[in-house]
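J.: Pasting a structure below so you can have a look.
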Amino acid sequence: MFIDDAPKKPRPEQIFPRDISEASVGAMQEYLAELDAEIARVKREIDKRGGAKAKAEAFFKG
């Protein structure tokens, strides 16, 4: 039997979606800004990976 002494990674808290049923308008606007930032981050990552894929395809076609 092996014992894993490595520290376990903490589970990330669920950030999205949040319960907004009782949130104020200001809190919802802040939440919307966080969502917009997350969407932009994901789009940048998709673009970055798409560029790498295109380079790899060009390399292997050539």
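Taken together, the values in this text are just the output of simple stated rules run on the coordinates, not laboratory data. Every value quoted in this text rests on a predicted model; they were computed, and no experiment measured them. Neighbour counts run over all protein chains shown; Cβ positions are idealised from the backbone, glycine included.
J.: Pull out all pairs, ordered by first then second residue, where Cβ-Cβ is under 9 Å, the residues are six or more apart or on different chains, the first lies in the stretch 25-42 and is closer than 13 Å to Ile15 by Cα, and the second is part of a helix (DSSP H, G or I).
T.: Going by the 9 Å Cβ cut-off, there are no qualifying pairs.
J.: So, in the stretch 16-49, how many residues would count as being part of a loop (DSSP other than H, G, I, E, B) and surrounded by fewer than 10 Cβ atoms within 10 Å (Cβ to Cβ)?
T.: Going through the stretch 16-49 one residue at a time, the tally reaches 6.
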